[in-house]
Structures are given as C-alpha cells and as structure tokens.
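Quick notes on the structure that follows.
The values are calculated or read from the model by the stated rules, or taken from the named source; none is laboratory data. Since we're looking at a predicted model, the values are computed, not measured. Note that each Cβ is placed from the backbone with ideal geometry, even for glycine, and that neighbours are counted across all protein chains shown. Note: areas computed on protein heavy atoms with side chains; ligands, DNA, RNA excluded. Shrake-Rupley method; radii C 1.70, N 1.55, O 1.52, S 1.80 Å.
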Amino acid sequence: GRRRKGIAVRFDIVSVFPEFFAVLDLSLIGKARERGILDIAVHDLRDWTDDPHRSVDDTPFGGGAGMVMRPDVWGAALDDTLGDDGVLAVPTPSGTPLTQRMCEDLAAVGHIVLACGRYEGIDARVAEHYRDAGVEVRELSIGDYVLGGGEAAALVMIEAIARLRPGVLGNPESVIEESHGEDGLLEYPVYTRP
Ligand code: 6SD
C-alpha cells in the first residue's frame, strides 16, 4: 500500500556511491533497521548497466559542461525498485524546499525510492517518464546551496522522515513535544542540571 501507519516503511536508495550510506547502520536508524521497523535497501546504479565499462553518464545534448546521467540506466533501475507502490524522491537544488510538514507527509508513505544524481544531474526525461506513468515524483531540495550529488541530501531526507515513524525514536513524546512550536521545531535553549 501507499500510505501506512504502523508497519515498516521501505526506502530504496539508488546511487553510484552506495558506500555513502554506511551511516544508516548507526544510531536510532540502525537500531530501527535491526528491529525491522525500517527497511532500507541501498543499490549501486551501475548494477543496471550492461556494458563492460558500467557507464552511467553521457555528454549533454546541445553541449555544455560536464556529463548527464543516462535515462536508460536510470529507467532500468527505477523500474526494478519502484514496483507498483513507490514514490520517487529526487534530490535536486531546483526542487521544492523540504519542510517539516513535507517530512510528516512523506512519513505516511510506505515506499520511497531515492534517486541520487551525480555529475550535472539525471536526464530530465526520467522524472517526466515516471510522472506520465502515474508515479508520484517529488523533486526536493534540502536547501539553497549546491551539493556534489544527491547522496547527502538523501541522507538528510531519510533521517528527517524516518524519525517520525512510530517506534524509531526511543521517546515518542519528543516528536509530539516538538510539534507544539510555531514552525514545528524546538525554539528555546535547553540545559542539563546546573
Ligand atoms: C547532481 C545533485 C543532486 C546535485 C543538491 C540538492 C540540494 N539541496 N543542493 N544540491 C543536489 C542534488 C546537487 O546531483
């Protein structure tokens, strides 16, 4: 199903740097994965190439600097990972700004596929194709600055979304409490005992 309450949420991450996501073995997210509350699979985009060089990029149409990620390779990877229930999340500096409210919305999605770009980004036909096919495609920015690729942004998204899932935080009151503030965030200094 697409929206769910209690059971495990699934994240599929597709990247040319799967090792980037080793930090998801740590802390609350690592524990939640061990407990089966979070189901996170990390995939190497190059597994969907079929040439000996395992090439994922090509020269940009019409010229320009750098390389663009190939739509055929991304199409093969996303056909396999989206299934019939995945929401496609694509980190990009030109995307909709990620907010706490949007994270709450995404925490109700049962299956999120994160497509991490490198180089000059993913060929624009990929998002267009999946939108046309009826997939919910979210192009998201984590802030108004330019990263080297989508991986760090995907980590931010997973951390912000996963901690809203029931059972991921040790203390569920800390999620409830933070929702009292004006913009949903803690806005006062905190102290341990003097
Ligand atoms: C080439 C990317 C993907 C490059 C990004 C996202 C945000 N908020 N800043 N930069 C980004 C995402 C940069 O692939």
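List of remarks:
- Any pair with Cβ under 8 angstrom, 6 or more apart, that starts in region 98-120 at a residue that is more than 29 Å from ARG70 (Cα to Cα) and open to solvent by less than 50 Å² (accessible area, probe 1.4 Å) and ends at one that is in a strand (DSSP E or B) and at pLDDT below 95: ALA107/VAL9; ALA108/ARG3
- Just one of (1) at pLDDT below 95; (2) within 23 Å of the chain's Cα centre (by Cα); (3) over 21 Å from PHE11 (Cβ atoms) fails for ALA124. It is (1).
- Candidates in region 121-141 are the residues that are more than 13 Å from the ligand (Cβ to nearest atom) and free of Cβ contacts under 8 Å to residues at least 40 places away in the same chain; of these, the one that is surrounded by the fewest Cβ atoms within 10 Å (Cβ to Cβ) is GLY134.
- When residues of region 150-168 are limited to those that are within 15 Å of the ligand (Cβ to nearest atom) and surrounded by fewer than 18 Cβ atoms within 10 Å (Cβ to Cβ), the one nearest to TYR119 (Cα to Cα): ALA152
- In summary, LEU24 fulfils each of the numbered conditions (1) over 17 Å from the mean Cα position of the chain (by Cα); (2) open to solvent by less than 20 Å² (accessible area, probe 1.4 Å) with the single exception of condition (1).
- Among (1) out of contact with any Leu (no Cβ under 6 Å at 6 or more places or on another chain); (2) within 16 Å of the ligand (Cβ to nearest atom), the one test that ASP44 misses: (2)
- Top-ranked residue of region 47-97 - restricted to ones that are hydroxyl-bearing (Ser, Thr, Tyr) and either assigned to a strand (DSSP E or B) or open to solvent by less than 50 Å² (accessible area, probe 1.4 Å) (or both), ranked as nearest to the ligand (Cβ to nearest atom): THR92
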